[in-house]
Every structure is written in structure tokens, then in C-alpha cells.
Amino acid sequence: MIAALRDATSFLTRVPLPQREGFDLARAAWAFPIVGAGVGAVVGALAWGAGLLVPPLVAATLAVLAEVLLTGALHLDGLADCADGCGGHDRESRLRIMKDHAVGVYGTAAVVLALVLQIAAVQALLGSLEWWGVVAVLASVGALSRSGMLTVALRLPSGRPEGTAGPLVRGLRTGPVVVAGGLAGLSTLALWPIGVWVGVCVLLAALVVPLLVEVWAERTLGGVTGDVLGATAVLTQLAALIGALALPGL
């Protein structure tokens, strides 16, 4: 269990952990939502703490900046590459564009819009909830977004076997994905004091988005890549945040 948490943390964040022998990301997959919840909780706590000192917009921006630093912008990089890949004419050209380290107009626009939406959502949460509610929402969303990555990785073949997602996709089994999904689903129980329907909206958003990404990846790329997984995490996170804010009074 400790080894799985360490492997998941090493992959999903930039927390400095010593290298260990026997690194197995597929076996550590069940811990993805735990790491995601931890990241979300840290972001929520920072947002609320900063909100005591500076205006909500500034506090939300600082909190999102902290997440970018904590994760190394790993998922945002995947979103940018996928957005740029949409400009390709066929599977080969899309994969080639996505592998290129240069970021194009589509990728830049996607990252900017994603960050703006996330900052706006965190600002709205700060203006609507107590500190524990902000932490609960961001922790739950963090867990659901990392779990959503796994459902896509499990159901699709590897679009680029030599890529970073290759070992995860090839070694992933149903058991760890089910455990991860269960843990992520349980995280929405923390939203019940805010409102049962808030949890329902967040959960529905987190279920639908990975399915849509899966359809897109299968039709355009013929499989899943590390970039697709990163994009899934970002888009699921944004959809779940919007779901949490969709009801009157929140």
C-alpha cells in the first residue's frame, strides 16, 4: 500500500521522493484518487487561507498556481498537446503533432481557457462556502479527475506503445480501476453537508467527460496516450467544478 501511494505520488506530482526499485504504475493505479484528493485538499486550504489576506480572485489564482507547481503542469501539458493534435488530418499526423514539444495556438488557447475556468470556479467557491466546503469540493474533484484517467486507460489500447502511458495501459487491470472508482465516488460523500444534489452533479460530470474523451480518442487516435490521460484529468476536473456550481445557492 505504501509503495503504491509512493508510485502514484511520484507520477502525478512533483513531490520529491527517492527512486525505488520495482516501480509499478499499473498496480499503483488504485491510489490515483487518493493522491488527487490530497492535491485538491492542499489547493482548497491554500485558497481559503489566502482569501483571508487578499481578494478572492487573487487567492484563487494563487491556489491554482500552487496546483500547477505541485503537479508540474503534467495534465495541462496533455491538454495542450491534444488540442494541437486536433489540427491533424489523420491519425499519424495527430500523433506526430502531439509528440512535438512546441505548443501551438490550439494548445495555448486550451490551457489559458482551462486555467481561467478553474480560477473562476475556485473564486466562486470561496464566495459561497465555508473553508471546509471549499476543501471538500476541491478534494473530491481531485479524486474524481484522477480516477477518470484510469477508465479511459483501461478501455482503450495504447495509441503510442513507446509513450509514457504505454506501461500503464498495458499493465492496467480492472481491479485497481474499480477500487479507484469506488474511492473517488466515496469522496463525494464529503459534499453531502453542502447538498446531496451537489455531489450528484459533480459525480455525473466526472462520469460523462471520460466517456466523451474516450470516444474522441478512439475515433481520432485509435487509442490512448499520456496526453489523452492528462487531458481527461483536466476536462473532468473542470466539468466537476462547474457541476458543483450549477445549482442555485452555490
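The values are calculated or read from the model by the stated rules, or taken from the named source; none is laboratory data. Here the structure is a predicted model, which means the values were calculated and not measured. With ideal geometry, Cβ positions are generated from the backbone for all residues, glycine too; neighbour counts draw on all protein chains shown. With ligands, DNA and RNA removed, areas are computed over all heavy atoms of the protein, side chains included. Shrake-Rupley method; radii C 1.70, N 1.55, O 1.52, S 1.80 Å.
General observations
- Solvent-accessible area per residue in the stretch 97-183 equals 46 Å², computed with a 1.4 angstrom probe and all protein chains kept.
- Coupling constants for the stretch 3-12 follow from the phi torsions by the Karplus curve (6.51 cos²θ - 1.76 cosθ + 1.60, θ = phi - 60°), and in residue order they are 4, 5, 5, 5, 5, 5, 5, 4, 7, 8 Hz; glycine and proline get x.
- Three principal axis extents describe the C-alpha atoms of the stretch 22-147; from largest down they are 49, 38, 19 Å.
- Calculated [θ] (222 nm, deg cm²/dmol) that DSSP helices of n ≥ 4 give over the chain, each run adding -39,500 (n - 2.57): -24000 deg cm²/dmol
- A simple count of charges around Cys82, restricted to other residues whose Cβ falls under 15 Å of its Cβ and scoring Lys, Arg +1 and Asp, Glu -1, yields -1.
- Take the chain and mark each of the trypsin sites (Lys or Arg not before Pro) that is in a DSSP loop with at most 14 other Cβ atoms within 10 Å; the longest unmarked stretch, sites excluded, is 21-172.
- Enclosing the Cα atoms of the stretch 16-55 in their convex hull gives a volume equal to 75 cubic angstrom per residue.
- Centroid-to-centroid, using Cα positions, the stretch 118-153 and the stretch 171-243 are 12 Å apart.
- Note, ³J(HN,Hα) from phi for the stretch 29-35, Karplus 6.51, -1.76, 1.60, rounded to Hz, x at Gly and Pro: 4, 4, 8, 3, x, 5, 5
- The GluC sites (Glu not before Pro) of the stretch 151-227 meeting both criteria, a DSSP state outside H, G, I, E and B (loop) and at most 16 other C-beta atoms within 10 angstrom of the site's C-beta, are Glu162.
- Couplings 3J(HN,Hα) for the stretch 233-245, derived from phi with the Karplus relation 6.51 cos²θ - 1.76 cosθ + 1.60 (θ = phi - 60°), are 4, 5, 5, 5, 4, 5, 5, 5, 5, 5, x, 5, 9 Hz, where x marks Gly and Pro.
- Within the accessible area of the stretch 120-250, the carbon and sulfur atoms contribute 69%, probe 1.4 Å, all protein chains present.
- In terms of overall dimensions, the C-alpha atoms belonging to the stretch 151-229 reach 45, 24, 16 Å along their principal axes, ordered largest to smallest.
- Database remark: amide H of Ser158 closer than 5 angstrom to the amide H of Val224 (H placed geometrically; neighbours at sequence offset of 5 or more, or on other chains; Pro and chain starts carry no H).
- Note: relative contact order over the stretch 107-193, using C-alpha pairs below 8 Å and six or more positions apart, is 34 percent.
- The stretch 98-250 shape via C-alpha gyration tensor axes, a/c threshold 1.5: oblate
- Anisotropy class of the stretch 96-187 from Cα gyration tensor, a/c 1.5 cut: oblate
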